[in-house]
Structure formats: structure tokens, C-alpha cells
Amino acid sequence: MGNAYFQPDYAGIGEAMRSKGVRDALRKRAEDIAANARTLSAGSGLKAEITVAESVRPQGKGRGRPEAQVRAEPAADADGAARARLLSLLKASGRVL
């Protein structure tokens, strides 16, 4: 019996990554993380606007791939410590499944 070899078609992988199903899954995961971040920020008294931004990577290794990012903008009067707490909170939000 001969050996089987797999040769990926990178053009096909890129096409699969841009499919509606992948984009929907990315958006859903980002929305879940954002919801966790909103809950944690409200519970810890941090004022921040937490949003999800969808885009397509314009350049580099993952060029053309969709992405969904959770973004947080602290209140205008937030000091450095509050901003650091917000970053820590966002990191923790991504771990909640």
C-alpha cells in the first residue's frame, strides 16, 4: 500500500476563511467576549464603551482573512490605572467560554 500525501491548496483555504460561516463564527465569538467584558466592567465600576469591529486583514501573512476584534474605549476621565484594569478585564473576558 502506498503512502498518501496531503498538499493543501492555500487559495482554497483563503476562500474557506472568507466564507459566511467563518465570518459569522468570528463575529459570534467576539460578541460573546464583548458581552463578558461589558458585564465585568459594569461589575467593577469601570466606564467603557465596548464594541465589536469586523474587518479584513489588509496585508501581511493573513492578508484577505476576516477578523472580528473586541475594542474598548475607556471613559475620557479614566486614569492610567483604570485603563490598565480595563485591559486586564478584556484579557479575562476572552477566557470565558
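Restricting the search to helices (runs of 4 or more DSSP H) fully inside the chain and requiring at least 3 residues that are among the small types (Gly, Ala, Ser) and within 19 Å of the chain's Cα centre (by Cα) gives 20-43, 80-93. If you filter the stretch 32-44 down to residues that are in contact with a helix residue (DSSP H, G or I) (Cβ under 9 Å, 6 or more places away or on another chain) and loosely packed, with under 15 Cβ neighbours inside 10 Å, you find that the one that is modelled with the lowest pLDDT is Ser44.
Of note, Ala72 does not satisfy the criterion of being within 30 Å of Ala11 (Cβ to Cβ) and either surrounded by 11 or more Cβ atoms within 10 Å (Cβ to Cβ) or in contact (Cβ under 8 Å) with a residue 12 or more places away in the chain (or both).
Of the residues in the stretch 75-94, at least one is surrounded by 14 or more Cβ atoms within 10 Å (Cβ to Cβ) and of a type in the set (Ser, Thr, Tyr).
To keep it simple, each residue is scored yes or no on (1) in contact with a Pro (Cβ under 8 Å, 6 or more places away or on another chain); (2) at negative phi; (3) without any contact (Cβ under 8 Å) to a residue 24 or more places away in the chain.
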position: Val22; (1), (2), (3): yes, yes, no
position: Ala25; (1), (2), (3): no, yes, yes
position: Glu49; (1), (2), (3): no, yes, no
position: Gly64; (1), (2), (3): no, no, no
position: Ala78; (1), (2), (3): no, yes, no
position: Arg83; (1), (2), (3): yes, yes, yes
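The condition of being surrounded by 13 or more Cβ atoms within 10 Å (Cβ to Cβ) and either of a type outside the set (Asp, Glu) or in contact with a Phe, Trp or Tyr (Cβ under 7 Å, 6 or more places away or on another chain) (or both) holds for only one of Arg29, Arg63, that being Arg29. Scanning the stretch 51-75 for residues that are modelled with pLDDT of 80 or more and more than 17 Å from Leu26 (Cβ to Cβ) yields a total of 4.
The values are calculated or read from the model by the stated rules, or taken from the named source; none is laboratory data. These figures come from a predicted structure and were not determined experimentally. Note that we place each Cβ from the backbone using ideal geometry, even for glycine, and neighbour counts take in every protein chain shown.
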